[in-house]
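Here is the structure we will look at.
The values are calculated or read from the model by the stated rules, or taken from the named source; none is laboratory data. This one's a predicted model, so the numbers in the text were calculated from it and none came from an experiment. Because the Cβ atoms are built from the backbone with ideal geometry, glycine has one as well, and the counts that use them run over all protein chains shown.
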């Protein structure tokens, strides 16, 4: 041993090895300190206080990586008086490799929501590379992989059986963009439901499966970009979709219209949701409830479909009132969108209730007043000002 240590070459190797071990130890210590510093305690159990149990919002924590921001988002959702929230849980983020599930981020989002007393409606979709052909988008899913999607959905509802009671299957399948640039196909979407629904129910019989989530559009027949949402829903029923969903997910954007504008098949407005409900009733599904999982108004200063900020506030409060007072068939109204992890630098930023840095927009404060019973909207929201 004395000879080995006396060799300059060997002493150098020893020193290098010791240095490497010390560096490794420092890195491990730094990682532990970072994890502990970055960890955010769940805190005490809360509940949402609101005069309107149907108030909901669509959050966007999919790409939010900082735990404190996830917690703060749910705190502010609760403080706004919203007991419901739709959140996106992309399949590709969880099962990047077939059969290997990474739940850490989803666990964090779900745990903080539950601790704040917010009921999460989980939107499922977004296809991993291994489950689709090369050079297709993550929104492309062929029939051969419906069962793979079903396995993910089943694993999801089983894992969160104690915290999540509602899941949405896909998003806006009546748009080519959201359907992997394939022609929108209500028969194929119905087949997806037929395959996935029994798998979900076998994993968690109590979870409510929402179908539809159709984009409101009056696209003409034969359009390569979209299919009229009313026609798509009728075609779903004709294809036998009724037994394969428990609730209907509806998207209800108001564009520049007053929420009290009557429903009209030729118009895109908030009360178009009533036409979707009518199709459910026509097809013997009146016992099922519905949920608006996207919708609302935008107050971008130059977007042609936007309204003035004061109008947006008045229309939004009135919409929540309509949902609560007039639509017993609706369980929740979840408007788009609470906050983005970063600025979108487009009209999308003007759908938000809270800015990226958590500064509340005026609509957030008005919502707090409404859900606390301090501010009640009046019918005829046009009093908020002239439309642009």
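Could you pull out the residue among 111, 131, 97, 143 that is in contact (Cβ under 8 Å) with a residue 12 or more places away in the chain, surrounded by fewer than 18 Cβ atoms within 10 Å (Cβ to Cβ), in the same structural domain as residue 179 (by TED's automatic domain parsing) and within 18 Å of residue 169 (Cβ to Cβ)? Reasoning before the result, please.
On the way: 111 fails: within 18 Å of residue 169 (Cβ to Cβ); 131 fails: surrounded by fewer than 18 Cβ atoms within 10 Å (Cβ to Cβ); 97 fails: within 18 Å of residue 169 (Cβ to Cβ).
Step by step, each of 111, 131, 97, 143 is checked, and only 143 is in contact (Cβ under 8 Å) with a residue 12 or more places away in the chain, surrounded by fewer than 18 Cβ atoms within 10 Å (Cβ to Cβ), in the same structural domain as residue 179 (by TED's automatic domain parsing) and within 18 Å of residue 169 (Cβ to Cβ).
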For this session: Kindly check whether there is at least one residue in region 216-228 that is within 21 Å of residue 93 (Cα to Cα) and part of a loop (DSSP other than H, G, I, E, B).
Result: no
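Can you tell me which residues in region 259-282 are within 21 Å of residue 336 (Cα to Cα) and within 25 Å of the chain's Cα centre (by Cα)?
Kept after step one, since they are within 21 Å of residue 336 (Cα to Cα), are these residues of region 259-282: 259-261, 263, 267-277.
Within region 259-282, 259, 268, 269, 270, 271, 272, 273, 274, 275, 276, 277 meet the criteria.
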For this session: Please tell me if residue 268 is touching a residue at least 40 places away in the same chain (Cβ under 8 Å) and surrounded by fewer than 22 Cβ atoms within 10 Å (Cβ to Cβ).
Result: yes
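Of the residues 195, 209, which is touching a strand residue (DSSP E or B) at 6+ places or on another chain (Cβ under 9 Å) and modelled with pLDDT of 95 or more?
Only one candidate qualifies: 209.
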Exercise. Taking the condition in contact (Cβ under 8 Å) with a residue 24 or more places away in the chain and either in a helix (DSSP H, G or I) or in contact with a helix residue (DSSP H, G or I) (Cβ under 9 Å, 6 or more places away or on another chain) (or both), does residue 278 pass?
Worked result: no
For this session: Taking residue 275 as the residue in question, decide whether it is surrounded by fewer than 21 Cβ atoms within 10 Å (Cβ to Cβ), over 25 Å from residue 196 (Cβ atoms) and in the same structural domain as residue 328 (by TED's automatic domain parsing).
Result: yes
For this session: Kindly check whether there is at least one residue in region 348-363 that is in a helix (DSSP H, G or I), touching a helix residue (DSSP H, G or I) at 6+ places or on another chain (Cβ under 7 Å) and crowded, with 20+ Cβ neighbours inside 10 Å.
Result: yes
